[in-house]
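As structure tokens, the structure follows; a few thoughts come after it.
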Amino acid sequence: MSQPVLFNSRGERVALGPEVGRGGEGVVYVLPRDAQRVAKVYLTAPPAEQGQKLAWMAAHAPPGVEKLAAWPHEVLHEGRAGGPVRGFTMPRVSGLKPIHLLYSTASRRKEFPTADWSFLVQTALNCASVFEELHAVGHLVGDVNESNLLVSPRDATVRLIDCDSFQIRADKRVYRCGVGVPLFTPPELQGQAFGGLERTPSHEGFSLGVLLFHLLFLGRHPFTGVFTGQGEMTPERAIREFRFAYGRNARALQMTPPAIHLPLETLTPELARLFEDAFAPDAPRVGRPSATEWYRALQALARSLRSCAQEPTHKYPQHLPSCPWCQMMATRGVAFFGSPQNTAPGPQGFTCTFQELEPLWTESQRLLAPNLLTPVAPPPMPALPDRLPAELQAEVDRVRQASVAMLVGGVLATVGWWVVMLASARVGGLLLVPGCTLLGSASVVWWLSRKHQRLPVEVAEQQGLLRQAEGALAAAQAEAERFKEELQRMGDRARQLLHGLRAEYGKLQPEFEAEQRRQLQHREAMQREQFLRGALIEDHEIESIKQGLKSNLVRWGIESAYDVLKEDVRQVPGFGEVRSTRLIAWAKEVEKGFRFDPGLAVSEAERRALVSHFLQRKASLRARLESEVAPLRAWSREMTKRSGELAAKLEEAQQGVMRATLGMPAARPAVEAALKPPAWEDRRVLLAMVLAVILGGVVGLVNRTTGTEEPVKGAPPPAAQAPEEPTEAAVLPLDCLAREAATTGAPVLERLAAGSRLEVVEEEGGWRKVVLAGGREGWTGPGCWSPP
């Protein structure tokens, strides 16, 4: 095909040199007369609007844009100046490589052999800077993808190409970008035609986020993961449904990251938040992070990077406790950085002995036995006196004497009452009256003496103090027991954990030596793996697998023949049974070219990887030991402090018990004897006396009642008696019993009190018959009328 005849806007013919590149819409040629520029010539004349867009871009190039992008320099016309637009000239970009060759692990080893993660972070930072500059003048890249950015292997400089597809804001007019890649297109634009669509910085914020994610996560796509639900989950569908596979809500969205992946938490919290915001369901409404925000967060990440102590090619943020690359190498056996040719200084050997832990271990054992303070033993308790003080004893004696007098008076009164009721009122009165008098006066003295007695009050006060002190002592002792149990429990847990870590530490050296032997025994498998990893899919022509499908494989971490044979290719969108079979057949064909070299020892990279892995485990175990010992220091100090506080409590409580005990007026037996009431002050004794009085009254009443109801024997009915002669009344000098007959054995009719005036109706042998109450007659004995 012949080259078209092209002219610039000044009418000068532009000669074309050899072809240096070809795409879907045009060819790039060298300009023989301008080594700094090249010409892009469209295969067919573009629409007039595209020509106007290129003319505006060439005339309004932002200052310094040539350092950022292959910006159109001059429009090329076919046939003559002003003729149909067929292309444009632009700065020649040399020495730079497509950005996907950097973030793809297998191609990075070949194209960027010295690049570590800090290089990828710097590249991401430069990408954000380029987008920031472009957005500042109102333009957008539009068709963001892994093919329109180039990176310098020397300094991570980034340049944009395919600038003719940019969305350009020309004064009041917007030249839209009519193309796009679904894997870089935000959810709200998925499935839409790009021709009439005006993109916004928020839309491009999603595309930039995907590009930066590719760089920081080594080619992984943020929406490519393992779908745990039903059906096929393509990346395009995951984007439409906001299924961010690395986000905090990934599990709720039925997504998990691939088996080998860098966690989102590896990044700084601010940068991780920007990815969450860029891919969140509400991002279309509230907007996405700007290029400036991305730039600042990446700048902070770049400043926070540090080198791994075990492997110099490993860089990671300072907020992480350990190297994530060593961890993935240990758990997954994948070395993302470094190459077999890497001769940078690194760990040369591995040794692990208990002597290295001895200071830390000795300190931990000392801390687990803290210097606990114990209470000072109290002095022997002084003996209390066996007797009460004289004043208190005198008060006790007065109460006792009054109590004895009460007893005597009560007994006399009770006996006198029985005598009155059953025998003679006169004799009974001789006992009853003095007894009641003694009882009453003694009761008053007893009550007043008890009221003013100091011993019960003093003893009650001291007993209250003693109970309080003993309660405080019991509480302090219980707290001390709980403290001992807590100390024992926490100490046992720490000892168990520390012994477990120490045992694990002791296994490292034997495990390392066993792994060294395994390396030697499996040299053929290792050589085969290295051979297959060197066969990149990108470098081979495979039937029906074009560049787009190769890019999908890279996003799923399948970059080499080794990955094809190890991973399940059918999980990658676009790879059904036929393509998967062809790809596997290619990998097996590559494998046939492997030849084992028995004389080749384990490679330096493999040896260093093994040493780094065990050094990382050693450092991790030591860090865990130190992390356990560090709180033990504070714990030991706290236990010592608490033991001192408890010892002070116990001493104070013991002293309180001693003070309360010594405050007693005398020893316990003497106090108890003084306070113990006599047996007769018992309520039961008092009740017995009351019952005796009541019983005596009841018996007396029964006797009187019995005498009233019985008739007087031999007494004729009143109607049958002859009229009696008048008799004179006599005064009874003594208490007496009136009987039915003039004998002492006759039944008693009535008890007569001394001083009673009686009518004597008959006398017989010293016995006198008198008229009783109610008209009855009874005989009174001779002794009743004899003067005392």
### Query
Considering the range 366-381 alone, what residues qualify as being touching a Ser or Thr at 6+ places or on another chain (Cβ under 9 Å) and not polar (S, T, N, Q)?
R366, L367, L368, A369, P370, L372, L373, M381
### Message
Scan the range 549-566 and tell me whether some residue there is surrounded by fewer than 19 Cβ atoms within 10 Å (Cβ to Cβ) and farther than 20 Å from F336 by Cα.
### Response
yes
### Query
Out of the range 567-583, which residues are surrounded by fewer than 16 Cβ atoms within 10 Å (Cβ to Cβ) and either at pLDDT below 85 or closer than 23 Å to F223 by Cβ (or both)?
D568, R570, G574, G576
#### Entry: Selected residue (criterion: surrounded by the fewest Cβ atoms within 10 Å (Cβ to Cβ)) from residues of the range 72-120 that are of a type in the set (D, E) and outside the structural domain of P62 (by TED's automatic domain parsing)
E111
### Task
Just give me the residues in the range 443-467 being more than 30 Å from A653 (Cα to Cα) and part of a helix (DSSP H, G or I), in sequence order.
S443, V444, V445, W446, W447, L448, S449, R450, K451
### Query
From S643, S627, S636, which residue is hydroxyl-bearing (S, T, Y), part of a helix (DSSP H, G or I) and either free of Cβ contacts under 8 Å to residues at least 12 places away in the same chain or within 18 Å of M328 (Cβ to Cβ) (or both)?
S627
### Query
Would it be correct to say that G440 is more than 30 Å from A653 (Cα to Cα), small (G, A, S) and at pLDDT 85 or above?
yes
### Query
When only residues in the range 531-565 that are at pLDDT 80 or above and out of contact with any helix residue (DSSP H, G or I) (no Cβ under 9 Å at 6 or more places or on another chain) count, which is farthest from L183 (Cα to Cα)?
E541
### Query
For the range 514-570, which helices (runs of 4 or more DSSP H) that fit wholly inside it have 1 or more residues that are within 44 Å of the chain's Cα centre (by Cα)?
547-555, 561-566
### Message
Can you find a residue that is modelled with pLDDT of 90 or more and either touching a Gly at 6+ places or on another chain (Cβ under 7 Å) or of a type in the set (K, R) (or both) anywhere in the range 113-123?
### Response
no
### Message
Looking only at the range 169-190, filter to residues that are touching a residue at least 40 places away in the same chain (Cβ under 8 Å) and more than 26 Å from A124 (Cα to Cα); which one of those is surrounded by the fewest Cβ atoms within 10 Å (Cβ to Cβ)?
### Response
A170
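Can you spot a residue in the range 584-593 that is closer than 30 Å to L621 by Cα, among the aliphatic types (A, V, I, L, M) and modelled with pLDDT of 85 or more?
Checking the range 584-593: not a single residue is closer than 30 Å to L621 by Cα, among the aliphatic types (A, V, I, L, M) and modelled with pLDDT of 85 or more.
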### Query
Does the range 271-284 contain any residue that is in contact with a Lys or Arg (Cβ under 8 Å, 6 or more places away or on another chain), part of a loop (DSSP other than H, G, I, E, B) and under 21 Å from F242 (Cα atoms)?
no
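Here is a yes/no grid of residues against (1) among the small types (G, A, S); (2) more than 35 Å from the chain's Cα centre (by Cα); (3) at pLDDT 95 or above:
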| residue | (1), (2), (3) |
| --- | --- |
| P201 | no, yes, yes |
| G209 | yes, no, yes |
| A238 | yes, no, no |
| N249 | no, no, no |
| A272 | yes, no, yes |
| E276 | no, no, yes |
| R288 | no, no, yes |
### Hits in the range 15-43 - residues which are farther than 15 Å from H73 by Cβ, assigned to a strand (DSSP E or B) and of a type in the set (D, E, K, R)
E19, R22
### Query
Do we have R608 as modelled with pLDDT under 85, of a type in the set (D, E, K, R), crowded, with 18+ Cβ neighbours inside 10 Å and touching a Pro at 6+ places or on another chain (Cβ under 8 Å) here?
yes
### Query
Based on what the data block shows, is T123 buried (at least 23 other Cβ atoms within 10 Å of the Cβ), among the β-branched types (V, I, T), touching a residue at least 60 places away in the same chain (Cβ under 8 Å) and in contact with a helix residue (DSSP H, G or I) (Cβ under 9 Å, 6 or more places away or on another chain)?
yes
### Query
Can you name every residue in the range 496-529 that is buried (at least 16 other Cβ atoms within 10 Å of the Cβ) and in contact with a Pro (Cβ under 9 Å, 6 or more places away or on another chain)?
R523
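More than 28 Å from the chain's Cα centre (by Cα), crowded, with 22+ Cβ neighbours inside 10 Å, of a type outside the set (S, T, Y) and over 26 Å from D116 (Cα atoms): does that describe R243?
So R243 fits the description; yes.
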### Query
Do we find that L749 is part of a loop (DSSP other than H, G, I, E, B) and buried (at least 18 other Cβ atoms within 10 Å of the Cβ) in this structure?
no
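Residues are listed down the side, and each one gets a yes or a no for (1) modelled with pLDDT under 85; (2) surrounded by fewer than 17 Cβ atoms within 10 Å (Cβ to Cβ):
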| residue | (1), (2) |
| --- | --- |
| F350 | yes, no |
| L357 | yes, no |
| E363 | yes, yes |
| L367 | yes, no |
| V376 | yes, yes |
| V411 | no, no |
| A425 | yes, no |
| P456 | no, yes |
| G464 | no, yes |
### Message
So for the range 367-374 (the condition being among the small types (G, A, S), touching a Leu at 6+ places or on another chain (Cβ under 9 Å) and either touching a residue at least 40 places away in the same chain (Cβ under 8 Å) or more than 30 Å from A442 (Cβ to Cβ) (or both)), does at least one residue qualify?
### Response
no
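The values are calculated or read from the model by the stated rules, or taken from the named source; none is laboratory data. Model, not experiment: these values are computed from the prediction. Every residue, glycine as well, gets a Cβ built from its backbone with ideal geometry; the counts of neighbours run over all protein chains shown.
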